[in-house]
1. Which residues, counting only those in region 16-48, are buried (at least 16 other Cβ atoms within 10 Å of the Cβ), modelled with pLDDT of 80 or more and not in a loop (DSSP other than H, G, I, E, B)?
2. Can you tell me which residue in region 214-236 is modelled with the highest pLDDT, limited to those that are under 21 Å from Asp408 (Cα atoms) and part of a loop (DSSP other than H, G, I, E, B)?
3. Just one of Glu389, Glu398, Glu417 is in the same structural domain as Lys300 (by TED's automatic domain parsing) and assigned to a strand (DSSP E or B); which is it?
4. Of all residues in region 317-330 being surrounded by 12 or more Cβ atoms within 10 Å (Cβ to Cβ) and within 27 Å of the chain's Cα centre (by Cα), which is nearest to Arg386 (Cα to Cα)?
5. Going residue by residue through region 247-260, is there one that turns out to be surrounded by 11 or more Cβ atoms within 10 Å (Cβ to Cβ) and within 18 Å of Lys430 (Cα to Cα)?
6. Might you check whether a residue that is at pLDDT 90 or above, touching a strand residue (DSSP E or B) at 6+ places or on another chain (Cβ under 6 Å) and assigned by TED's automatic domain parsing to the domain that holds Ile216 occurs anywhere in region 162-179?
7. Need a quick list: helices (runs of 4 or more DSSP H) entirely within region 237-356 having at least 3 residues that are more than 30 Å from Gln406 (Cβ to Cβ) and free of Cβ contacts under 8 Å to residues at least 40 places away in the same chain.
Amino acid sequence: MIADALEGKIDLIVTKSISRFARNTVDTLVTIRKLKEKGVECFFEKENIYTFDSKGELFITIMSSLAQEEARSISENVTWGHRKAFSDGRFHVGYSTFLGYKKGTDAPLEVVEEEAEVIRFIYRKFLDGYSPASIGKMLEEKAVKSPGGKDRWYPSTIRNILENEKYKGDALLQKTFTVDFLTGKSKKNEGEVQQYYVENSHEAIVDPLEWDMAQIELKRRQTLGLSYSGESLFATRLVCSDCGAPYGQKVWNSNDQFRRRVWQCNDKFKRRPFCTTPALNASDVKKAFVDAYNKFAVDKDLILEDLKEGLMIAFDVKELTAEIDALLLDLEGIALLVKKLIEENSTITMSQDEYQKKYDSLEKNYDEKRALLLELQAQRADIFERETEMRMFIRKIEQAPSVITQWDRTLWNVFVEKAVVEKDGSITFKLKK
């Protein structure tokens with residue numbers, strides 16, 4: 001309507017109230033003045049104001065300001081209500097597009113078993129080494145609808161499912177927040193406002209250990225330094241013993257009947273002397289793994305015993321956690337001292353040189369302790385990742401067969417961290433631990 005008025009198609013705009021006309025005082029006045037220039041008058045029914053009236057602009061300014069403050073008050077009340085609910089562990093989601101759950105009666109989320117099977121399939125295939133794009137194609141071939149009810153599954157949709165903590169029965173609340181109550185613009189919460197993490201808030205679809213392992217695998221693939229392909233796990237694990245470069249798939253005799261695919265060091269001819277490790281057929285790698293696995297499985301019980309004993313000792317973080325908690329208290333105390341210093345400087349006469357000296361000292365102390373805190377938190381996160389990997393490794397060993405007769409993609413992905421090709425064509429397997 002306003003666009004038509006500005007083009008000269010309308011002479012009078014009638015609207016119910018100022019609050020419906022624009023979101024704030026500035027928008028209201030700017031728009032009204034543009035319309036005045038075009039000879040277009042506005043009439044606000046609720047306030048009984050004509051903009052061509054001599055008192056119109058003053059009334060509009062006052063009423064717009066009131067409308068703006070009313071909107072701010074409503075926004076603050078709504079925000080407070082949301083955060084109070086978060087602090088109490090209460091939340092809601094977009095149930096219509098949230099695959100695997102529906103609105104529950106006794107819990108915020110209730111499992112939809114048919115959809116839950118799709119979620120478990122996604123996690124299982126991802127931990128088997130498939131990429132989000134490959135998993136999406138599998139679901140499309142099965143004619144499984146996406147969370148939005150579409151036929152197409154995008155890799156980003158798969159990643160969102162893999163990263164969503166609600167599938168392990170927990171809930172991270174206040175992931176985003178509203179920046180501007182007038183525009184409704186929101187952004188990802190990066191520490192600007194308090195977040196709440198609620199454990200065991202509802203029934204899990206995915207085992208928590210598998211969910212944690214999926215996060216580690218997502219991180220691992222992001223740091224590979226090359227494009228991860230779920231079609232071939234060899235590309236991320238098979239490496240050359242001469243130069244350490246990964247093996248890649250190559251096509252020999254591509255234009256004749258002797259065409260075949262082999263695996264060869266990607267940097268074989270990039271430096272002198274050339275790498276002496278041979279090219280291998282996929283069948284060579286698979287047979288070597290079957291032999292290595294069967295030798296490993298002979299001592300499975302002893303290995304399990306050692307791993308469980310090591311698990312109890314190697315991943316004790318009580319002292320580290322206590323040190324982190326102490327640093328958090330120190331940082332909180334320093335922040336209070338800085339606040340007190342600023343308040344004193346604003347209320348009593350104080351030498352600004354002395355004030356700056358104290359402020360700089362507190363800031364330096366804060367920065368040093370925060371740097372140490374980040375370092376210790378990174379150490380704890382690393383320990384947690386290694387513990388998660390070992391727990392998953394132990395579980396898979398317990399579930400694994402004692403003997404295999406053919407290459408198993410799942411076992412390869414679970415057990416092999418690196419497969420080093422030696423000069424004689426043999427392969428040394430480094431297992432995950």
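1. Passing the criteria: Leu35, Glu41, Cys42, Phe43, Phe44.
2. This residue is Leu233.
3. Glu417
4. So the residue we want is Val317.
5. Checked region 247-260: at least one residue is surrounded by 11 or more Cβ atoms within 10 Å (Cβ to Cβ) and within 18 Å of Lys430 (Cα to Cα).
6. Scanning region 162-179 turns up at least one residue that is at pLDDT 90 or above, touching a strand residue (DSSP E or B) at 6+ places or on another chain (Cβ under 6 Å) and assigned by TED's automatic domain parsing to the domain that holds Ile216.
7. Because the criterion is at least 3 residues that are more than 30 Å from Gln406 (Cβ to Cβ) and free of Cβ contacts under 8 Å to residues at least 40 places away in the same chain, the helices (runs of 4 or more DSSP H) in region 237-356 that meet it are 300-314, 318-347.
Residues checked against (1) assigned by TED's automatic domain parsing to the domain that holds Phe429; (2) at pLDDT 90 or above; (3) over 30 Å from Thr428 (Cα atoms); (4) under 32 Å from the mean Cα position of the chain (by Cα):
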site: Lys287; (1), (2), (3), (4): yes, yes, no, no
site: Ala297; (1), (2), (3), (4): yes, no, no, no
site: Lys300; (1), (2), (3), (4): yes, no, no, no
site: Ile313; (1), (2), (3), (4): yes, no, no, yes
site: Asn345; (1), (2), (3), (4): yes, no, yes, no
site: Asp360; (1), (2), (3), (4): yes, yes, yes, no
site: Asp367; (1), (2), (3), (4): yes, yes, yes, yes
site: Arg380; (1), (2), (3), (4): yes, yes, yes, yes
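The values are calculated or read from the model by the stated rules, or taken from the named source; none is laboratory data. None of these values were measured; they are calculated from a predicted model. Neighbour counts run over all protein chains shown; Cβ positions are idealised from the backbone, glycine included.
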